[in-house]
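Here is the structure we will look at.
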Ligand code: HEM
């Protein structure tokens with residue numbers, strides 16, 4: 001049973017990476033794209049991938065918490081450090097990724113989200129305004145936080161250093 005739970009945990013992590021790959025590719029592609037129609041299409045693709053990403057994130061979180069109880073790991077520091085790190089990555093992503101993209105979507109005349117709730121589109125801003133907002137998103141920083149963070153979590157899970 002424990003092995004199946006860890007299997008589910010790893011499977012959900014792979015599913016998360018598969019789903020979130022769309023947002024990662026879009027984040028890098030949007031640095032070069034200046035055609036408003038194509039930009040809007042890319043932002044839509046990224047938004048539609050968020051649902052599957054959140055479901056996998058929830059499954060990986062819950063399966064990890066339950067596996068921690070079954071394996072009696074909650075007395076060890078590595079599992080707490082992993083959980084806190086995952087929460088920190090999600091918060092950083094919400095601020096530096098989700099919130100910024102929401103502002104871009106609003107300025108591009110697309111429906112946008114405020115604290116997860118979908119808002120109807122408003123009068124679009126100028127192309128310069130959209131470009132200025134997009135320039136604030138730093139996909140390299142997101143990669144450093146997201147990919148770097150998940151590598152540290154992988155190290156904590158595999159080597160259980162403390
Ligand atoms: C594996 C670690 C990662 C985790 C746990 C993670 C988590 C998240 C979460 C939860 C959101 C949604 C935030 C919200 O709804 O406000 C998000 C959005 C985003 N993330 Fe990540 N992420 C990770 C890696 C990355 C990487 C490596 C990139 C590289 C560019 C990235 C780019 C983005 C972008 C662009 C968004 C905004 C997507 C949109 O609004 O369409 N993420 N991330």
Review point. Has the stretch 37-51 got any residue that is farther than 30 Å from residue 112 by Cβ and out of contact with any helix residue (DSSP H, G or I) (no Cβ under 7 Å at 6 or more places or on another chain)?
Key: no
**Study point:** Number of the condition not met by residue 88 [criteria: (1) without any contact (Cβ under 8 Å) to a residue 40 or more places away in the chain; (2) loosely packed, with under 14 Cβ neighbours inside 10 Å]
**Key:** (1)
Practice item. Tell me, yes or no, whether the stretch 119-135 has at least one residue that is free of Cβ contacts under 8 Å to residues at least 40 places away in the same chain and touching a strand residue (DSSP E or B) at 6+ places or on another chain (Cβ under 8 Å). Key: yes
Revision key, fill the gap. Across (1) free of Cβ contacts under 8 Å to residues at least 40 places away in the same chain; (2) over 20 Å from the mean Cα position of the chain (by Cα), residue 147 clears everything bar (2)
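Here is a yes/no grid of residues against (1) without any contact (Cβ under 8 Å) to a residue 24 or more places away in the chain; (2) within 15 Å of the ligand (Cβ to nearest atom); (3) farther than 30 Å from residue 70 by Cβ; (4) loosely packed, with under 12 Cβ neighbours inside 10 Å:
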{"position": "2", "(1), (2), (3), (4)": "no, no, no, yes"}
{"position": "6", "(1), (2), (3), (4)": "no, no, no, no"}
{"position": "10", "(1), (2), (3), (4)": "yes, yes, no, no"}
{"position": "15", "(1), (2), (3), (4)": "no, yes, no, no"}
{"position": "23", "(1), (2), (3), (4)": "no, yes, yes, no"}
{"position": "40", "(1), (2), (3), (4)": "no, yes, yes, no"}
{"position": "45", "(1), (2), (3), (4)": "yes, yes, yes, no"}
Practice item. Could you check, for the stretch 68-77, whether at least one of its residues is part of a helix (DSSP H, G or I), modelled with pLDDT of 95 or more and surrounded by 14 or more Cβ atoms within 10 Å (Cβ to Cβ)? Key: yes
Revision key, fill the gap. Over the stretch 47-104, the set of residues more than 8 Å from the ligand (Cβ to nearest atom) and within 17 Å of residue 15 (Cα to Cα) is 48, 51, 52, 55, 56, 58, 59, 60, 61, 62, 63, 64
Exercise for review: Hey, could you check the stretch 105-117 for residues that are assigned to a helix (DSSP H, G or I) and in contact with a strand residue (DSSP E or B) (Cβ under 6 Å, 6 or more places away or on another chain) and say which is farthest from the ligand (Cβ to nearest atom)?
Suggested key: 106
Exercise for review: Report yes if some residue within the stretch 152-160 is more than 24 Å from residue 19 (Cβ to Cβ) and at pLDDT 95 or above; otherwise report no.
Suggested key: yes
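The values are calculated or read from the model by the stated rules, or taken from the named source; none is laboratory data. Everything numeric in this text was worked out from a predicted model, so none of it was measured. A quick note on method: Cβ atoms are made from the backbone with ideal geometry, for glycine too, and the neighbour counts reach across all protein chains shown.
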